Amino acid sequence: MASTLLVEQHVKFIQQLEQKRDSSLAYHMTAHLRMNGVYWGVCALELMRAGDALDREALIKFVLSCYDGLTGGFGAYPSHDAHILSTLSAIQILALKDALDELGERRTRIVEFVLSLQRQNGSFQGDKWGETDTRFLYCAVSALAHLHALDKLDKEKTIQWLLRCSNFDGGFGLTEGAESHAAQVFTCVGALSILNALDRIDQDTLAWWLVERQVPGGGLNGRPQKLEDVCYSWWVLSSLSLINRLHWIDADKLQSFILSAQDPDRGGIADRPENVADVFHTQFGVAGLSLLGYEGLERVDPTYCMPYSVTRKLHISRPYQDLAL
């Protein structure tokens, strides 16, 4: 079991994912997640201070090839329909590579696409098919923040919808009346952070629910009675960071759990020890370690899951707590 972050192995793991395009069936079967996957890999590399491990121009070319000129959004892969999830990831990749200027005249169309997804009740749908989810709202608000277009959003209507998705236990669900879930908590708390509305929730009750997600082995789960999972190291920690209660977690036990889920041979981090590593859990494991103040990592902004250096340069960063301070 590794007791330190295996940066060199993780960098190679991410590089090798990019090289499997022709031979891996899994690569083609996950095309619907491609833009998100590229963001996870690129952001993890930046947090590990290995941003040059992938070709910058190739990344920019891929992102722009996924732009849907009919709607103004980005698809997950060339010729895929636009979706708010892939649109935010596309914007984040360009921001990570200091390439938002590459959007040119597309920027206005992207903002229009994002705003077109808001429903009358304040919620956001993900695409033209109409499914709503607090994830989609977060992605929309984050995308607008990156593009400096929050002034075009009906903020109060958006905030009111988020508040209606809160529950008696302090958590948030994917829609009004849905069960509290740690990942949905992040989307709601992150959006409220962007909208400067965190003072409108019961932070103590929320923090209590979040710290209850830590199991005896040190890891965090997403709901009561569920197994621990490395990705919740991000969803839970980021939310606690934004309400200044990160110190309520046993950080040492959580760090040990994340490190125990690494693959020392092939690189990458899995959801839990002995399982197969993937880029999703690698990203959120590394991001969680950053919030815990792990030495050698770039600081991560918990509102956006982006390096703080990037959000600061864009002038969109929000107050937060990390254990390195």
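Counted by Cβ distance under 13 Å from G69, the other residues give a net charge of -2, where Lys and Arg count +1 and Asp and Glu count -1.
Other residues with beta-carbon under 11 Å from the beta-carbon of G217 carry, at +1 per Lys or Arg and -1 per Asp or Glu, a net charge of 0.
Scan around Q321 for amide H atoms under 5 Å from its own, H built in the peptide plane at 1.01 Å from N, and keep only partners 5 or more places away or cross-chain. HN-HN under 5 Å from Q321: L242, N244. Taking the 1.4 Å solvent-accessible surface of the chain as the whole, the part contributed by carbon and sulfur is 49%. Among K12/K97; K97/K157; K97/K152, which pairs are too far apart, with a Cα-Cα distance over 21 Å? Result: K97/K157; K97/K152 exceed 21 Å. Within the chain, DSSP assigns beta bridges of which about 100% are antiparallel (rounded to the nearest 5). Highest GNM mean-square fluctuation among H148, H181, H83, for the chain modelled with Cα contacts below 10 Å: H148.
Remark: relative contact order (region 54-197) = 17 percent; criterion is Cα-Cα distance under 8 angstrom and separation of 6 or more residues.
A quarter of the convex hull surface defined by the alpha-carbon atoms of region 1-157 gives 11.0 nm² as the mean projection. For K253, a cut-off of 13 angstrom between C-alpha atoms picks up these aspartates and glutamates, skipping any fewer than 8 places away in its own chain: E228. Size estimate for region 226-303 follows the Kirkwood approach: the inverse of mean 1/r over distinct Cα pairs works out to 12.4 Å. Bridgeable aspartates and glutamates around K61 (alpha carbons under 20 Å apart, same-chain partners fewer than 8 residues away excluded): E18, D22, E46, D52, D81, D98, D101, E102, E105. For the chain, a Gaussian network of Cα nodes joined below 10 Å ranks D68, D271, D151 by mean-square fluctuation, and the top entry is D151.
Across A182, A207, A50, mean-square fluctuation computed from a Gaussian network of the chain (C-alpha pairs under 10 Å connected) peaks at A50. A 1.4 Å probe run over region 7-314, with the rest of the protein chains in place, finds 42 Å² accessible per residue. For region 303-316, 3J(HN,Hα) computed residue by residue from phi via the Karplus equation (6.51, -1.76, 1.60; θ = phi - 60°) reads 5, 10, 6, 9, x, 4, 4, 6, 5, 5, 5, 7, 6, 10 Hz, glycine and proline entered as x.
For the chain, the residue among W161, Q16, G296 whose Cα projects farthest onto the positive side of the dipole built from Cβ charges is W161. For K155, the lysines whose Cα falls under 26 Å of its own Cα, not counting residues fewer than eight places away in the same chain, are K128, K313. Shown for the chain is the translational diffusion coefficient from the Stokes-Einstein equation, using the Kirkwood radius over Cα pairs, a temperature of 20 °C and a viscosity of 1.002 mPa s: 109 µm²/s.
The values are calculated or read from the model by the stated rules, or taken from the named source; none is laboratory data. As the structure is a prediction and not an experimental result, all values here were calculated from the model. Quick reminder, even Gly has a Cβ in these numbers, built from the backbone with ideal geometry, and neighbours come from all protein chains shown. When the accessible area is computed, the model is the full protein with side chains, heavy atoms only, and any ligands, DNA or RNA have been set aside. Shrake-Rupley method; radii C 1.70, N 1.55, O 1.52, S 1.80 Å.
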